[in-house]
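Report on one structure; see the data block that follows.
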Amino acid sequence: DEAVWIAQDWMLAHLGEPLQIPELAARCGLSARSLNRRFRAALGTTPLAFLQQARIAAARELLRSSNLAIADIAARCGYGNASHFSRAFSAHTGTAPQSYRRRVRGKLFTSATGPAGTN
């Protein structure tokens, strides 16, 4: 569905911005109701749920690969404050952002001879 693809593409390019479904729908040439219906038919989820998953995925990558503060990651991923981000991240992953960062970075250097996968 081209309209759904347009919506997905726009959301992924603007993760840090607030989302208004009526504005997104208009961008796709649809009503909010039609966008929600077509999104669910194409992907089995709503635009807001898709956006939340995309924001969490981006946050995971930033936690793994950057030294940004949690508040900075929250802002880059579209969360108004670090507390809201931490609650959302924990709800989706089962762990707090800082704990996730420690865990994934610990896995990068598990061998005595170098990074994992280089032996």
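Laboratory data are not the source of any read-out in this text; all were calculated from the coordinates shown. Note that the structure is a prediction, hence the values are computed from the model and not measured. Neighbour counts run over all protein chains shown; Cβ positions are idealised from the backbone, glycine included.
If R0 is taken as 35 Å, the Cβ-Cβ distance between Val104 and Ala49 corresponds to a FRET efficiency of 0.90. Only the Cβ atoms of Lys and Arg (+1) and of Asp and Glu (-1) were treated as charged; on that basis the dipole of the chain about its Cα centre amounts to roughly 480 debye. Using θ = phi - 60° in the Karplus curve 6.51 cos²θ - 1.76 cosθ + 1.60, the 3J(HN,Hα) couplings for the stretch 39-44 round to 4, 5, 5, 7, 10, x Hz; x is entered for Gly and Pro. In this label model, Arg27 and Ala71 are separated by 2.8 nm, measuring between points 7 Å along each Cα→Cβ vector. Taking the square roots of 5 times each eigenvalue of the Cα gyration tensor of the chain, largest first, gives ellipsoid semi-axes of 33, 16, 12 Å. The convex hull of the Cα atoms of the stretch 19-67, projected and averaged over all directions, covers 3.9 nm². Ranked by the mean number of other Cβ atoms within 10 Å of their residues, highest first, the peptides 93-100, 75-82 fall in the order 75-82, 93-100.
Counting only DSSP H runs of at least 4 residues, each contributing -39500 (n - 2.57), and dividing by the residue count of the chain, the helix-based mean residue ellipticity at 222 nm comes to -21000 deg cm²/dmol.
Rounded to the nearest 0.05, the FRET efficiency derived from the C-beta distance between His14 and Ala96 at R0 = 35 Å is 0.85.
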